[in-house]
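Worksheet: the structure to be examined is printed underneath.
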């Protein structure tokens, strides 16, 4: 048994050997904590809101500190590589292993020193930072507990990453190979996630990640990915699941320490200087490297080509397989002549790559045509792209106000539960039939754009199936708007859909404030009493519940209500049918019925951007096979012509808010100059002709040529 004095003497000698890492660690934490805090404190103004100051400090010393996370990852790598650096030298291995001390004790000394090199500078500089905060009067319970929570959290993941790096060192016998191995082990799960996600996006038309367990699982396989996921969840508030995540990380770290110790104990001394310390690990690591990197190279070449060519996919797979396999074998033996050694292995890798590619290329598991059986589904959710694009969504459970916004797809699929989902289910079946018609060939030839297939007015929507068991399945579909419109109209009328589509239903009324109301001809700021404000909000909700998809598609709003919710500005549209809302606004001095018509339009200017065919554009999608020829604008001042034009246009602003429903004549711009008031003030807004609704006299005046 080793004496305590010998343990500390060996520990002291190791610290001397690694003094440079101590200096770097101390300097890094000194700049990241005391210096950063001192600069921040100096920049605070007495008029700054104290809650903002607390939030800023917490972002510097708390769990959300990106700088501390970066220092933790770098520190773990440096400490792990430096602690057992001697294993790469035969002379040093012979020297250290000649010391009459058990390997377990030597491992404990080097491992513990690495932890102390990270932890002591962190604690020391954190203490200085807290003193600076206290002296300047910015200390609070939340600030203090956040700092301690971050210390514990970062230490847990330091141990996780640190131990993985040590395992990489144990498995290798060369410093460069150890660095490469560390990088692979730390990021392998994330790399697999990216390759998997890329294949699903490229080969499956209906793919939408959503809350994908398999995708998340791959990220968690990477210590860095696990760290990021845990930080993101913890930043939103600490719950039971977050504590479980950290507990699992601690358990994994303990198991990894045991694994590292066993590798150290049984690592042969003659492994120093070799690429790999254990012969048995070579084949396993080779397969784990060659197969995914070959797949990644294949899809990379496929995506570089304009037409997503299968030929380039095959070339990329073969090229990447050869390069990755050869590089791995050369690294193993440090001999270029070993590039294609073990030909059976390269054939097995090629077979695995070929099978996986065929699964995606030919959809062998019928991913795109899958739909859960109706009797197994409890509820469904749907997010339709291009309806009310002005809406903003928030995560009410988020603890970080800087990460408050949510995208509309995530919000609606998360918060919507349609129990009477027959129409949604039928819409999903329509989407599958549409994919079966032409998806595979057209997708591979670049036929699909972001909003759906080119040349046709398609609607894009996302669906979540929730099973009775709680399992969730996500899919994305395209269908022609005219084919699915009736079902979309019925779904939009469902109040379970509306309550998730319009988040105003979920907002707390006492935290929702009306800022102002505006239209083309009027704008008014409101200072309403709480009672009047709630009356308006309730009237608006009632009107909104009766809104139909036909009204959105056929009528433009008469006004826009601007609300403020927790310092966030929100826009909600007022349609002509919103009688109760319009009446309340009228009583408060805002006339929403006053709109632009031929009586207050001064002139209309129409510019026709004539499309010319590019002769050498054969094979390209239609949108990319034309160039634009700019023409002089045609001016209209006749009241009858102006009225006719106004009946067939849609404002650019509203068109983009409802781009999923509204199609327009893209090749011409309509600029309307109008009188704002009786004092001579004028305004201008841009519009487009509705698709197929260009008046004949306009076609004649501009020399209109149909866009084919």
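The values are calculated or read from the model by the stated rules, or taken from the named source; none is laboratory data. Bear in mind the structure is a predicted one, so any value in this text is a computation, not a measurement. Cβ: placed from backbone, ideal geometry, glycine included. Neighbour counts: every protein chain shown.
Read through the list (1) surrounded by fewer than 16 Cβ atoms within 10 Å (Cβ to Cβ); (2) not in a helix (DSSP H, G or I), then give the number of the only condition that residue 208 fails.
(1)
Among the numbered criteria (1) buried (at least 19 other Cβ atoms within 10 Å of the Cβ); (2) modelled with pLDDT of 95 or more; (3) assigned to a helix (DSSP H, G or I), which one does residue 439 miss?
Condition (2) is where residue 439 drops out.
Tell me whether region 17-26 contains one or more residues that are assigned to a helix (DSSP H, G or I) and out of contact with any helix residue (DSSP H, G or I) (no Cβ under 9 Å at 6 or more places or on another chain). Can you show your working first?
To start, the set of residues in region 17-26 that are assigned to a helix (DSSP H, G or I) comprises 17, 19-26.
Keeping just the survivors that are out of contact with any helix residue (DSSP H, G or I) (no Cβ under 9 Å at 6 or more places or on another chain) gives 19, 23.
Yes, there is a match, as at least one residue in region 17-26 is assigned to a helix (DSSP H, G or I) and out of contact with any helix residue (DSSP H, G or I) (no Cβ under 9 Å at 6 or more places or on another chain).
When you go through (1) modelled with pLDDT of 85 or more; (2) within 18 Å of residue 173 (Cβ to Cβ); (3) out of contact with any strand residue (DSSP E or B) (no Cβ under 9 Å at 6 or more places or on another chain) one by one for residue 326, which number turns out not to apply?
Only one criterion is unmet by residue 326, namely (2).
Quick one: which residue in 246, 250, 291 is assigned to a helix (DSSP H, G or I), in the same structural domain as residue 104 (by TED's automatic domain parsing) and more than 26 Å from residue 104 (Cβ to Cβ)?
Checking each option against the conditions leaves just 246.
Hey, among the residues in region 173-185 that are out of contact with any strand residue (DSSP E or B) (no Cβ under 6 Å at 6 or more places or on another chain) and either buried (at least 22 other Cβ atoms within 10 Å of the Cβ) or not assigned by TED's automatic domain parsing to the domain that holds residue 225 (or both), which one's modelled with the lowest pLDDT? Steps first, answer last, please.
Step one: filter region 173-185 for residues out of contact with any strand residue (DSSP E or B) (no Cβ under 6 Å at 6 or more places or on another chain), giving 173-177, 179-180, 182-185.
Filter once more, so that each one left must be either buried (at least 22 other Cβ atoms within 10 Å of the Cβ) or not assigned by TED's automatic domain parsing to the domain that holds residue 225 (or both): 173, 182.
Values: 173: 88, 182: 94.
Within region 173-185, the match that is modelled with the lowest pLDDT is 173.
Can you spot a residue in region 511-518 that is without any contact (Cβ under 8 Å) to a residue 24 or more places away in the chain and closer than 19 Å to residue 657 by Cα?
First pass over region 511-518, keeping only residues without any contact (Cβ under 8 Å) to a residue 24 or more places away in the chain: none.
Taking every residue of region 511-518 in turn, none turns out to be without any contact (Cβ under 8 Å) to a residue 24 or more places away in the chain and closer than 19 Å to residue 657 by Cα.
Checking residue 96 against (1) over 30 Å from residue 42 (Cβ atoms); (2) exposed (fewer than 15 other Cβ atoms within 10 Å of the Cβ); (3) free of Cβ contacts under 8 Å to residues at least 24 places away in the same chain, which single condition isn't satisfied?
Status for residue 96: all satisfied but (2).
With 273, 259 as the choices, which residue is out of contact with any strand residue (DSSP E or B) (no Cβ under 8 Å at 6 or more places or on another chain), closer than 30 Å to residue 151 by Cβ and surrounded by fewer than 19 Cβ atoms within 10 Å (Cβ to Cβ)?
Working: 273 fails: closer than 30 Å to residue 151 by Cβ.
The unique qualifying residue is 259.
I'm trying to understand the selection: among the residues of region 38-68, which are within 23 Å of residue 156 (Cβ to Cβ) and surrounded by 20 or more Cβ atoms within 10 Å (Cβ to Cβ)? Spell out the reasoning first.
First, pick out the residues of region 38-68 that are within 23 Å of residue 156 (Cβ to Cβ): 57-68.
Once the filter is applied, which keeps residues that are within 23 Å of residue 156 (Cβ to Cβ) and surrounded by 20 or more Cβ atoms within 10 Å (Cβ to Cβ), region 38-68 yields 57, 58, 60, 61, 62, 63, 64, 65, 68.
Could you look through region 323-377, keep only residues that are crowded, with 18+ Cβ neighbours inside 10 Å and without any contact (Cβ under 8 Å) to a residue 60 or more places away in the chain, and pick out the one that is farthest from residue 287 (Cα to Cα)?
That would be 332.
Just for helices (runs of 4 or more DSSP H) wholly inside region 465-579: which have at least 3 residues that are in contact with a helix residue (DSSP H, G or I) (Cβ under 8 Å, 6 or more places away or on another chain), outside the structural domain of residue 393 (by TED's automatic domain parsing) and surrounded by 17 or more Cβ atoms within 10 Å (Cβ to Cβ)?
Working: elements: 481-493, 495-501, 530-545, 549-554.
The qualifying helices (runs of 4 or more DSSP H) are 530-545.
In this structure, does residue 357 turn out to be over 30 Å from residue 508 (Cβ atoms), at pLDDT 95 or above and in a helix (DSSP H, G or I)?
Working: over 30 Å from residue 508 (Cβ atoms): yes; at pLDDT 95 or above: yes; in a helix (DSSP H, G or I): yes.
Judged against the criteria, residue 357 is a match.
Only one of 393, 408 is out of contact with any helix residue (DSSP H, G or I) (no Cβ under 8 Å at 6 or more places or on another chain), surrounded by 19 or more Cβ atoms within 10 Å (Cβ to Cβ) and either assigned by TED's automatic domain parsing to the domain that holds residue 652 or within 21 Å of residue 208 (Cβ to Cβ) (or both). Can you tell me which?
Details: 393 fails: out of contact with any helix residue (DSSP H, G or I) (no Cβ under 8 Å at 6 or more places or on another chain).
One residue alone meets the criteria, 408.
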